[in-house]
Amino acid sequence: MSAYKDYQINRRHLLLGAAAFGSLGAIAPSLLASGAAQAAGVTGTVMTGSHWGVFNAAVKDGVWSAVSAWDKDPHPSAQLEGVMDSVYSPSRIKYPMVRKAYLEKGPDAPRDDRGGGEFVRVSWDQALKLVVNELKRVSTTYGPQGVYAGSYGWKSSGKLHNCQSLLRRMLNVGLEGKFVNSTADYSTGASQHMMPHVVGTLEVYEQQTAWPVVVESTDVLVFWGADPVKTNQIGWTVADHDAYPYMEEFKKTGKKVICIDPLNTETAKFFNAEWVPIRPHTDVALMLGMAHTLYAEKLHDEEFLDEYTVGFDKFLPYLTGETDKTPKTAEWAAEICEVPAAQIKELARLFKSKRTMLASGWSIQRQHHGEQSHWMLITLASMLGQIGLPGGGFGLSYHYANGGAPSANSPVLSGITDGGKAVKGAAWLTKAGAATIPVARVVDMIENPGKEFQFNGKTDKYPAVKMAYWTGGNPFAHHQDRNRLVKAWQKLETVVVQDSQWTATARFADIVLPATTSYERNDIENVGDYSIKAMVAMKKVIDPVFESRSDYDIFAEISKRLGKEKEFTEGKSEMDWIKSFYAAAEKQGKAKKIDVPAFDDFWKAGVAVFPIPEKSKKFVRHSEFREDPLLEPLGTPSGKIEIYSKNIEKMKYDDCGPHPMWYEPIERLGGPGAKYPLHIDSAHPQSRLHSQLCGTKLRAGYAVAGREPCLINSKDAAARGISDGDVVRVFNDRGQVLAGAVVTDDVRPSVIRLFEGGWYDPVEGGKAGALDAYGDANCLTPDIGTSKLAQGNCGHTGLADVEKFTGTLPELKVFTAPKGA
Amino acid sequence: MAPHSSNLTSRPLIGMLIALILLLPASLQAADQDILFAATPFTFHTGPDKSSTKAGRLFTAARIKVRERRPGWLRISLNAWHQQGAARVLYALPGKRILVAILKKSQTQHLKTLQQMTDADTDLVWKQVSYEAWIEDGGFAPSREDLWKPAWELFSTRCTVCHQRRIPHHYKVNQWRSYLKIMGPRTGLPKDKQELILTFLQYHASDMTPESASPPQPVPQPREAGR
């Protein structure tokens, strides 16, 4: 049994982690001493919060020494140990640093060693001088589109130290808003643009039919490319984990759960679900096969289609093959998706005969032509006719941030704004080029200034960006086609990264600013993205370690140097801001007749929990629409579900037609001209938040031979002479990574699973094509848009091969500070 | 060629109507002191009296014409559109769901139909109607521009807290309505403020004519022709 299978950190791993820590010699003790020196004698317990939930931090002599879950957390995440370790891990950024060549020659310095060169420690004053001078120089030389601040990623929780809003605030007040922004995200790029055309709204970030209704009314619960037991550990604000007790309850009912997934997931195991090991990237074909079955057997709900949807009549000739001579029968689908035709038909009949909830994840839309997946899912759900009924229909957010957990009657905290209200003629209003780009096209933008691109019916031009300021994110983890990124990054004259960790992105910067973690500053946040059941005081646990400063302080200082301190701070300190957000919540409380404690009482107690009304427990998504489609129309042109979209028809895109269709992706298992034999499943990790905490001791609980685990089916392993625990090389034309083999039949044949978010660790930093020593899945995935419509990323597209690695194992460098730091 | 003309030429009727309704010269609007825009939501009454029957609700940014003035009260009329079969919900334009008013069921008998059209894209039948009611005086703006200033302030401060700024003309009128249904409550603002943000975004959506938006600075510029 491989280490991967044991998520619990045992004592041995702790010791191993400590040994690695100690091997850094003088650095480690001084880190601890630094904390102690600044908060001498402080001992006690502090409650705070993070993406992983509310927790208690024990502090001894100014050093954070232990972590334990909040007693009201129904299902604490096992990652809390890693959260604590992120403060003291050897990958922590301690001082302001500048790339050696850049310090010597400035923006004219050769850039080909960016990502590989040495760093030099500088003073805060010197680092900020460099940053401010560059912001001025770039915007003066290149105009309002020189600076890219579409900085994206899972910044830390907290309403004040929202580093991305603060970055844009600094640029809005200090640089007259001269920067290029980004729109959307890497999670739901395709669906968040497609769903508005189909159902008039986002769907992916909206409350689901409440879990108590699902427990009560759903007969068949289908998780389609979704693994909520794994992914609900985290939340965008502070995770509540409220879905877990309901998942337990559902399990106890003994009702049927089906997981359609290339992997036997944590969720499948938890529910003892029926596993349908679909061939990846073929979900639309499977849905079409089911839809054809329903139609052929006259099981489709004609009344629902007539009353609540438009365009089924225009989709039908495609389904039956009238338009393309290819009826989308179960047999046709079976050829593509490798689910037997008989089973496809059975599933279709089952979904029709029982109250069925189709709960889909986002993996099936993070793929080439990903726009089609949820469009077709909703078309299928419309044919089943259960949308808007208790426990039926579809849901696109059960796996995210505990979607479906009933909402409390609570105030919503406001937060720091981006300062854009004061900007006149802001860059995002200029006409020279796009002032905002679809976030995943960032490399295409850097490579091709002035190039036209299509996006959701519009044509725009890429701006000519010369400088990037990145904070609260790690594009060298979340962006696809790492080697293309490495090359494109060399076109930037200056890169500033502000972070607490030496991520791969920080290593590819010229100027690195050390930010505090959430636990070294005060903040405030709501608990539960959907339940909003509490407000938590995110109290400072320890003083900032080494020379790190809070994001607010860093950007306030830069604004000051740009002559706009007052505009940035509005004369408020950290606690002033927190109190102002709280005061607004108190005001809402009064209006909504909610009992909100006085600030001092709240801050002392650490948390204020609000009641969950019975009404929330009965919430049924789209029930209002179902009840009265005329008074409660959807936000589509027709006010109904659009199986055929005139708006999309008008776009005339060759890669996204007016009704859902099966499109061959650039590559897939069994697809035409597939060059490599294995599909890479790059799902969200079990023991990280994307790439966060990869640098912590949690890694010891899952790494295999020190590398990111790569799950491989026993047949595929045997064919390649690979044994459990071997180091393997995963490769294709785009890149090559090392990983640790985990031989298991929990992954179906011809699929390997390499979680996304493993830290990129090139053997030769800055060199495109270099072997990645740790196992960053996005070295292997393609950097293309899902289609002209959404331009989402395709992180779940990609084929590769695997071989046993027999060369000399390269050392891992990414988990300790780079040379000179 | 005017922006959006490609949309409009395929639907000449809508194009003509938009021109009629929204392209009134600003000078004319300014001159006509009886044309006003609701700065807050209002309750319709059947008479100039608080104890009279409540007839429905008028929404922020709706355009009304004053027909009669009494102390503290106005008898107003409005023109708006409803989808055939749903006469209670009145919108500013056919097919574009910018709320103007929601009426009590019993009030729909007092609607006067002015004309009807079929939207070629959706085959939905839309009726333009006029309606009269009493509302309490106060809380009006002489133009929508006066409303967009506070709306912009709310949008730019409240809608950048959790995500990057969205660009109003990247989304359609009807899509904004659904977004705000979900995102509005997440701002923690009172309902009328959420509705103000919504109306602002709808009037600046990709499928509105630049003339209808008539933005003050700083707000998004009309889209470039051909985009």
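Quick notes on this one:
- Residue selected from the stretch B:146-185 under the condition open to solvent by 30 Å² or more (accessible area, probe 1.4 Å), at pLDDT below 90 and more than 25 Å from A:V180 (Cβ to Cβ), by the criterion nearest to the other protein chains (Cβ to nearest Cβ): B:I182
- Residue within the stretch A:760-775 that is closer than 30 Å to A:S373 by Cβ and assigned to a strand (DSSP E or B) present: yes
- Residues satisfying the stated conditions in the stretch B:120-139, i.e. part of a strand (DSSP E or B) and in contact with a Phe, Trp or Tyr (Cβ under 8 Å, 6 or more places away or on another chain): B:W126, B:K127, B:Q128, B:V129, B:A133, B:W134, B:I135, B:E136
- Candidate set: the stretch A:173-192, residues that are in a helix (DSSP H, G or I) and open to solvent by 10 Å² or more (accessible area, probe 1.4 Å); chosen: the one farthest from the other protein chains (Cβ to nearest Cβ): A:G174
- Pick from the stretch A:581-612, criterion within 14 Å of chain B (Cβ to nearest Cβ) and in a loop (DSSP other than H, G, I, E, B), ranking: surrounded by the fewest Cβ atoms within 10 Å (Cβ to Cβ): A:K593
- So B:T108, is it in contact with a His (Cβ under 9 Å, 6 or more places away or on another chain), more than 8 Å from every other protein chain (Cβ to nearest Cβ) and of a type in the set (V, I, T): yes
- Pairs meeting the criteria (first residue in the stretch A:484-501 and among the acidic types (D, E), second residue open to solvent by less than 20 Å² (accessible area, probe 1.4 Å) and in a strand (DSSP E or B), beta carbons under 7 Å, at least 6 apart or on different chains) are A:E493/A:M467; A:D499/A:T471; A:D499/A:A515.
- Checked against (1) part of a loop (DSSP other than H, G, I, E, B); (2) open to solvent by less than 10 Å² (accessible area, probe 1.4 Å); (3) touching a His at 6+ places or on another chain (Cβ under 9 Å), A:M383 passes all but a single condition, namely (1).
- Matching residues, the stretch A:571-580, being more than 18 Å from B:P190 (Cβ to Cβ) and in a helix (DSSP H, G or I): A:E574, A:M575, A:D576, A:W577, A:I578, A:K579
- Some residue of the stretch A:172-188 being in contact (Cβ under 8 Å) with a residue 12 or more places away in the chain and under 20 Å from A:T517 (Cα atoms): no
- Exactly one residue among A:K640, A:K652 is within 14 Å of another protein chain (Cβ to nearest Cβ), of a type outside the set (S, T, N, Q) and touching a Pro at 6+ places or on another chain (Cβ under 9 Å), and that residue is A:K640.
- Among the residues of this structure, A:A477 counts as one that is in contact with a Ser or Thr (Cβ under 7 Å, 6 or more places away or on another chain) and closer than 19 Å to A:D444 by Cα.
- Taken residue by residue, the stretch A:193-205 has no member that is buried (at least 21 other Cβ atoms within 10 Å of the Cβ), away from chain B (no Cβ under 14 Å), touching a strand residue (DSSP E or B) at 6+ places or on another chain (Cβ under 8 Å) and outside any helix (DSSP H, G or I).
- Against the list (1) out of contact with any Lys or Arg (no Cβ under 7 Å at 6 or more places or on another chain); (2) open to solvent by less than 10 Å² (accessible area, probe 1.4 Å); (3) closer than 15 Å to A:A515 by Cα, the condition A:S156 fails is (2).
- Per-region count, the stretch A:616-637, residues more than 9 Å from chain B (Cβ to nearest Cβ) and in contact with a Pro (Cβ under 9 Å, 6 or more places away or on another chain): 7
- Inter-residue pairs, beta-carbon under 7 Å, first farther than 28 Å from A:P660 by Cβ and not assigned by TED's automatic domain parsing to the domain that holds A:H197 and in the stretch A:771-794, second in a helix (DSSP H, G or I) and open to solvent by less than 10 Å² (accessible area, probe 1.4 Å), 6+ apart: A:D772/A:C779; A:D776/A:A477; A:D776/A:R482; A:C779/A:R482
- When the residues of the stretch A:769-778 are filtered to those that are within 25 Å of the chain's Cα centre (by Cα) and of a type in the set (G, A, S), the one that is farthest from A:D481 (Cα to Cα) is A:A773.
- Residues being surrounded by fewer than 20 Cβ atoms within 10 Å (Cβ to Cβ) and either touching a His at 6+ places or on another chain (Cβ under 9 Å) or assigned to a strand (DSSP E or B) (or both) - total across the stretch B:64-77: 9
- Filtering A:R626, A:R699, A:R729 for residues that are in contact with an Asp or Glu (Cβ under 8 Å, 6 or more places away or on another chain) and either open to solvent by less than 30 Å² (accessible area, probe 1.4 Å) or modelled with pLDDT of 95 or more (or both) leaves a single hit, A:R729.
- Within the stretch B:67-89, the set of residues being among the aliphatic types (A, V, I, L, M), away from chain A (no Cβ under 14 Å) and under 27 Å from B:M117 (Cα atoms) comprises B:I76, B:L78, B:A80.
- Qualifying residue in the stretch A:283-300 (condition: within 23 Å of A:G393 (Cβ to Cβ) and free of Cβ contacts under 8 Å to residues at least 40 places away in the same chain): yes
- Residue satisfying condition, being in contact (Cβ under 8 Å) with a residue 60 or more places away in the chain, on the phi < 0 side of the Ramachandran plot and either within 14 Å of chain B (Cβ to nearest Cβ) or in a helix (DSSP H, G or I) (or both), within set A:V120, A:V131: A:V131
The values are calculated or read from the model by the stated rules, or taken from the named source; none is laboratory data. Bear in mind that the values here come from a model prediction, so they are computed numbers and not experimental data. Note: ideal-geometry Cβ built from the backbone for every residue, glycine included; neighbour counts use all protein chains shown. To get the accessible areas, we keep the full protein, side chains included, count just its heavy atoms, and leave off ligands, DNA and RNA. Shrake-Rupley method; radii C 1.70, N 1.55, O 1.52, S 1.80 Å.
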